[in-house]
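The values are calculated or read from the model by the stated rules, or taken from the named source; none is laboratory data. None of these values were measured; they are calculated from a predicted model. Every residue, glycine as well, gets a Cβ built from its backbone with ideal geometry; the counts of neighbours run over all protein chains shown. Ligands, DNA and RNA are stripped out before the accessible areas are found, and what is left, the full protein with its side chains, is counted by its heavy atoms. Shrake-Rupley method; radii C 1.70, N 1.55, O 1.52, S 1.80 Å.
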Amino acid sequence: MSEVLPWLVVAPVVPLASLPILAFRFDRVGWPVAAITATVHTALATWTAWTVAVDGPTRFVVGGLPARLGIELAADALSASFLLLVSLVGLWVLAYTRRGGPRSNLSYALYLALLAGLSGLCITRDVFNLYVFLEISGLAGYALVALGDGRDAAPAALRYLLVGTVGASLYLLGIGYLYVATGTLNMSAMAAELVAVGHDGRLVVAAFAFVTVGLGVKMALFPVHTWKPDAYRAAPAGIAALLAALVSTVAGYAFLRLLLSVFTATLFGVNPLLGASLRAAAVLSVGAGAVLAVRQRDVRRMLAYSSVSQFGVAVAGFALATPLGLAGGVVHLLGHAVMKSGAFAAVGVVEAATGARTVDEFAGLATDVPVTSGALAALSFGLVGIPPLVGFFGKWYIVLSAVRSGAWIVAAAVLASTLLSLSYFGRLVQRLYLESGSRPADTRYGAVSAGMVATAVVAALVALGLGLASAELVELLRPSLSGVGP
Amino acid sequence: MTALLASRAAFLVAVVLLGLGLFVLIDDPNLLKKILGLNVFQTGIFLVYVAAAVRAGGRSPLVVEGGGPYVNPLPHVLILTAIVVGVSVTALAAALVARIHAERATVRADELRDGAGEVRDRE
């Protein structure tokens with residue numbers, strides 16, 4: 001049962017190691033290997049999620065050492081839901097990349113490394129192990145961005161690498177402080193030690209600050225978001241759909257995991273200023289991301305800036321540190337990941353079919369790509385937060401929790417950003433459907449497969465399903481969001 | 001005060017390395033120097049860990065009967081791992097700079113700005 005956990009990381013690594021060897025003999029072996037691996041991985045993740053839902057949290061200590069010394073892997077409802085997200089998004093992105101590219105063996109090796117790193121992030125309970133997985137997924141992400149074929153791909157990837165590595169290094173510094181304060185790297189042992197040490201020590205506060213800034217870089221909160229728009233613009237569309245859905249989202253999960261399992265709610269109780277600062281940072285990100293998104297002409301950059309705003313919303317939910325706020329943050333992270341993945345895939349289809357890249361060039365394209373446009377419009381409304389798509393429910397829980405705990409600024413910021421997002425997504429949908437473009441007929445374009453369109457449609461349907469089942473999802477998550485984790 | 005500073009010398013050096021590295025990373029337009037800045041910055045963090053493992057009178061942890069006290073080996077092991085990660089990052093960064101040089105004939109960040117064919121945004 002719990003022996004499944006290490007396989008979630010090992011399953012992608014084995015084919016990753018064999019791909020370079022297979023590549024000697026076969027030209028296009030990457031996609032089939034990745035597809036088989038992703039299917040196996042999804043099965044393992046589903047099995048894990050099922051076990052957690054039926055029997056409760058499960059854990060495994062690598063090497064049979066005591067958890068305090070060894071590397072502990074564990075899955076509760078929270079880990080399992082992000083694990084499933086990684087698997088499923090990984091699977092449907094493959095439907096896109098089969099025709100939409102990238103198709104080289106190298107790109108699928110990187111894809112598998114990303115899958116392994118992100119799965120590890122979801123299940124590890126060792127803070128240093130978490131750093132290693134952060135860097136594995138980070139390295140894969142930087143290299144995946146560089147697969148873009150424009151001349152801006154390498155500069156964008158390098159900028160992502162430099163900023164992302166500083167973020168991961170700051171996280172490393174933060175856990176160094178924690179290790180000095182507690183003498184252990186295991187999350188639950190750390191939480192127990194912190195009770196004895198006290199949550200108001202300078203080491204602990206500094207550790208929280210470094211960890212937050214470090215993971216904030218990976219989440220791309222304002223003002224450390226600068227890597228994101230360039231990276232998502234320059235990456236191949238299928239890769240953008242993968243990265244936009246998973247990399248920052250799992251960093252957000254890691255932040256929440258540390259908040260729940262290491263620092264616990266006591267941290268904000270003892271240091272009210274920390275909670276207030278985190279809320280302020282989140283609100284700043286919510287506002288700045290939305291304002292910057294309104295100003296973009298390039299559709300992918302607009303989506304990237306919208307992510308800056310949406311991650312601010314999720315972190316604001318975490319910073320409220322109420323069960324409802326946390327649940328809202330998790331639902332928002334999951335929902336945003338599904339919808340952003342679909343939106344990037346849809347934009348990729350439009351780019352491949354028509355060459356349109358800016359909001360203005362999207363004018364009147366609904367007649368050229370009707371199904372994709374429908375999915376894109378639905379996902380846009382979902383990202384704005386219109387029910388019954390999942391985008392509404394995360395925001396709803398966060399605003400409700402903010403109002404109940406008297407954090408009016410958070411509630412106001414989330415509502416204001418919703419209005420702003422209506423203006424920029426509304427503009428996109430309006431261009432698509434209500435305006436006619438004067439596009440020169442270009443025969444160079446037109447390579448769109450059913451799989452590429454299906455990626456966007458499936459994401460829209462999953463967003464709808466998550467929205468309809470959001471109450472049940474919150475019910476499942478509730479035990480893993482209260483107090484210290486298993 | 002001087003005695004306190006002397007006993008914390010390693011941490012002071014670490015702070016200087018962190019500041020220096022970050023400054024070069026942000027300020028220098030040369031992409032290679034940015035990577036060097038990143039390396040210096042990471043070295044500062046490595047030093048924090050290694051300095052935290054020191055024990056007064058401690059020796060290498062080759063445990064023998066009645067041998068102690070030993071320095072803490074765990075931070076050393078962690079930093080070995082972090083160095084490996086750092087090497088991988090540097091290798092990838094250097095490869096990217098090589099590609100930028102091949103495609104754009106420059107390794108300066110300020111000369112990459114005027115991208116032809118890129119969609120200009122109102123920023």
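Taken over segment A:122-198, the alpha-carbon convex hull comes to 74 cubic angstrom per residue. Apolar share of the accessible surface for segment A:145-253: 63 percent from carbon plus sulfur atoms, 1.4 Å probe. Solvent-accessible area assigned to carbon and sulfur over segment B:2-111 amounts to 71 percent, based on a 1.4 Å probe. Legend: mean number of C-beta atoms from other chains within 10 angstrom of residue C-beta atoms, peptide B:93-100, equals 6.
Gyration tensor analysis over the Cα atoms of the protein assembly as shown returns equivalent ellipsoid semi-axes of 38, 28, 25 Å (largest first, whole Å). So what's the angle, to the nearest 10 degrees on a 0 to 90 scale, between helix A:408-434 and the longest Cα principal axis of chain A? Taking Cα atoms only, the helix is inclined about 20 degrees.
Amide hydrogen proximity for residue B:70: with H placed 1.01 Å from N in the peptide plane, the residues at 5 or more positions away or on another chain lying under 5 Å are B:59.
Other protein chain C-beta atoms within 10 Å of residue C-beta, averaged over A:128-136: 3. Residues of segment A:295-328 that bury at least 40 Å² of accessible area when the other protein chains are present, relative to the chain alone (probe 1.4 Å, heavy atoms, ligands and nucleic acids excluded): A:295, A:297, A:301. Can you give me the distance in nm between label points at residue A:434 and residue A:62, each placed 7 Å from the Cα along the Cα-to-Cβ direction? Distance between label points: 5.4 nm. Under 16 Å from a label point set 7 Å out along the Cα-to-Cβ vector of residue A:104, the amide N atoms of segment A:142-162 belong to A:142-158. Computing FRET efficiency as 1/(1 + (r/R0)^6) for residue A:149 and residue A:226, where r is the C-beta to C-beta distance and R0 is 30 Å, gives about 0.85. FRET efficiency for residue B:16 and residue B:76, Cβ-Cβ distance as r, R0 = 25 Å, nearest 0.05? So, using R0 = 25 Å, E works out to roughly 0.70. Modelled spin labels at residue A:405 and residue A:447, positioned 7 Å past Cα toward Cβ, are 5.0 nm from each other. Helix-only arithmetic for chain A: the sum of -39500 (n - 2.57) across DSSP H runs with n ≥ 4, divided by the residue total, places the mean residue ellipticity at 222 nm at -26000 deg cm²/dmol.
Relative to the longest principal axis of the Cα atoms of chain A, helix A:470-481 runs at roughly 30 degrees. Here the extension length gained between residue B:36 and residue B:91 equals 18.6 nm, from 0.36 nm per residue of separation less the Cα-Cα distance.
Remark: mean inter-chain Cβ contacts per residue of B:20-28 equal 1, using a 10 Å Cβ-Cβ cutoff to other protein chain atoms. The mean sequence separation of alpha-carbon pairs under 8 Å and at least six residues apart, normalised by the residue count of chain A, gives a relative contact order of 16 percent.
Remark: spin-label model distance residue A:17-residue B:5 equals 5.2 nm, labels positioned 7 Å along the Cα→Cβ axis.
Surface analysis of chain A yields an accessible area of 33 Å² per residue, using protein heavy atoms and a 1.4 Å probe.
What is the set of long-range amide H partners of residue A:61 at a cut-off below 5 Å, with H atoms built 1.01 Å from backbone N? Amide H neighbours of residue A:61, under 5 Å, 5+ apart: A:73. Charge dipole of the protein assembly as shown (Cα centre as origin; +1 on each Lys and Arg Cβ, -1 on each Asp and Glu Cβ, all else neutral): 440 debye, rounded to the nearest 20. A simple rule links phi to the HN-Hα coupling: the Karplus curve 6.51 cos²θ - 1.76 cosθ + 1.60 with θ = phi - 60°, which for segment B:17-28 gives 4, 4, x, 4, x, 5, 5, 5, 4, 7, 8, 7 Hz, with x for Gly and Pro. Look at the alpha carbon pairs under 8 Å that are at least 6 residues apart: their mean separation over the length of chain B gives a relative contact order of 22 percent.
Cα centroid separation, segment A:51-92 to segment A:102-153: 19 Å. Accessible area buried by the pairing of A and B, both sides summed with a 1.4 Å probe, works out to roughly 3500 Å². Rounded to the nearest 10 degrees, the angle from helix A:187-197 to the longest Cα principal axis of chain A is 50 degrees.
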